[in-house]
1. Being more than 19 Å from the chain's Cα centre (by Cα) and either outside the structural domain of Asp193 (by TED's automatic domain parsing) or of a type in the set (Val, Ile, Thr) (or both) is the filter; apply it to the range 213-231 and report the residue that is nearest to Val160 (Cα to Cα).
2. Enumerate the helices (runs of 4 or more DSSP H) found wholly within the range 303-374, keeping only those where 1 or more residues are closer than 30 Å to Asp418 by Cα and touching a residue at least 60 places away in the same chain (Cβ under 8 Å).
3. Which condition does Thr321 not pass, out of (1) within 17 Å of the chain's Cα centre (by Cα); (2) buried (at least 16 other Cβ atoms within 10 Å of the Cβ); (3) in the same structural domain as Ile238 (by TED's automatic domain parsing), if it passes all the others?
4. Of the numbered conditions (1) in contact with a His (Cβ under 6 Å, 6 or more places away or on another chain); (2) part of a loop (DSSP other than H, G, I, E, B), Asn273 satisfies every one except a single condition; which is it?
5. Against the condition touching a residue at least 60 places away in the same chain (Cβ under 8 Å), surrounded by 20 or more Cβ atoms within 10 Å (Cβ to Cβ) and among the aliphatic types (A, V, I, L, M), how does Leu397 come out, does it pass?
6. Please note which strands (runs of 3 or more DSSP E) are completely contained in the range 111-229 and include at least 1 residues that are in contact with a Pro (Cβ under 7 Å, 6 or more places away or on another chain) and within 22 Å of Leu292 (Cβ to Cβ).
7. Can you report the number of residues in the range 227-253 which are β-branched (Val, Ile, Thr) and surrounded by fewer than 13 Cβ atoms within 10 Å (Cβ to Cβ)?
8. Among the residues of the range 336-346, is any under 30 Å from Thr254 (Cβ atoms), among the β-branched types (Val, Ile, Thr) and either modelled with pLDDT of 90 or more or outside the structural domain of Glu223 (by TED's automatic domain parsing) (or both)?
Amino acid sequence: MDSDIRDSGGTRQCQFCGRTVYLATAPGSQAGQCPACGAKLDAAGSVAGTSSVTPTIESGGRRAGIRANPPDVLVVEEEADKPDAVEKGTPAAASGGNHVRVDRMSMQRSLAVAGAETAARRLFSAMANEISKIFVGQDELVLGSLVALFSSGHVLVESVPGLGKTLFVRTLGRVLGCQFSRIQFTADLMPSDITGAPIFDMKTQEFRFRPGPVFTQVLLADEINRSPAKTHAALLEIMQEYRVTVDGKSHPLTRPFLVMATQNPIESEGTYNLPEAQLDRFMFKLIADYPLEHEESEILKMHSRQVDINRRLEQEVATVTSPEEIVSITRENSDVRVDDRLLDYIIQIVRLTRSWPQFHMGASPRAGIAIVQAIRTLAAFEGRDYAIPDDVIQAALPALRHRVILTAEAEVEGHLVDALLRELVRSVEVPRL
């Protein structure tokens, strides 16, 4: 950054998205750009002119943009004239093709976006409104979980303790009108403790099956990486086929069925790495980060009054849907149109992970299926009956970050999976629909 630009900038609060950002504006210019939401700002941080990023394609393909509905944090631009747009040594740099610059990709999205007032959109707004009465912030976690639920997927959540993961799942179960169950994974947890086991009935003098805690609709698998592989294996059939097989007899699970597993990225003592086969069965891996300052202030005001949380859930949070409606809308979401060019775009991204220099293992075809299902649900939540490239950009990172493995050299060099995936997505040309 040039010294004159650095000197003219400063810390500002974007009046549009509320983020505190370093706004660097060149001398004599009247507006800068918020790196969080993409809004055009003046020197004071106020919104100048339009507050959304609109598609721009100039001749020769030198600059292109993808719309991000405010207050999204997605800003996608293409700047081929910048020498540092592509990291040296990557396939994109060698090919010399178009490079899309993604400043930030996440599952965060505005609840007030343009679109038809469909049943899916109304339900999504109602669910988000009820969840916000108890659970503050973590937009990526909320949206990603709802997208996975209405796409028949599962979610792996990685975060430090104390960010409200259990509270969120309990609130979600209350809002959805679904049964909720929790399993605390420990080193001595056995597969039968999860699935259930046959017990001998003294009265009838025969064995009968006793269902385990997985026979629910919203399952919280807390600290899932604290159990050994044999316990993890008990979830493989459950998450893929929605049934439990014990003694040669299959017991189907009630739909909808959502597994939300959590793991702590800090502690490594007494933990086991999840096998790749199980990681691949999670639709998304979501990262729950520390809340923003105003969100943390709201958390302290809301949850420091020593009020029983069970009472608050019953009195303050309303049930806005039912398992039957969730299953119905999930079926309707399959009618959202996905253009063939968008499918090719997804295929290029997924296949590129298998040849990327820093990845030892790339994503499987299940990753592409997950992205297609997710963009259909995202479009339905916005009231659209068609998917757009924005949806793919939004779903790509959480759908891929747990399905790729870094090479030993990349780990030694300190590369991060998210950063490499962003660079990978930049290297694929965005289709024009």
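1. Only one residue tops the list, namely Thr231.
2. 323-333, 340-352
3. Status for Thr321: all satisfied but (1).
4. Just one mismatch for Asn273, condition (1).
5. Judged against the criteria, Leu397 is a match.
6. Per the criteria, 155-158.
7. Count: 1.
8. Among the residues of the range 336-346, at least one is under 30 Å from Thr254 (Cβ atoms), among the β-branched types (Val, Ile, Thr) and either modelled with pLDDT of 90 or more or outside the structural domain of Glu223 (by TED's automatic domain parsing) (or both), which makes the answer yes.
The values are calculated or read from the model by the stated rules, or taken from the named source; none is laboratory data. Everything quoted here is computed from the prediction, not taken from an experiment. Glycine also receives a Cβ, built like all others from the backbone with ideal geometry; neighbour counts cover every protein chain displayed.
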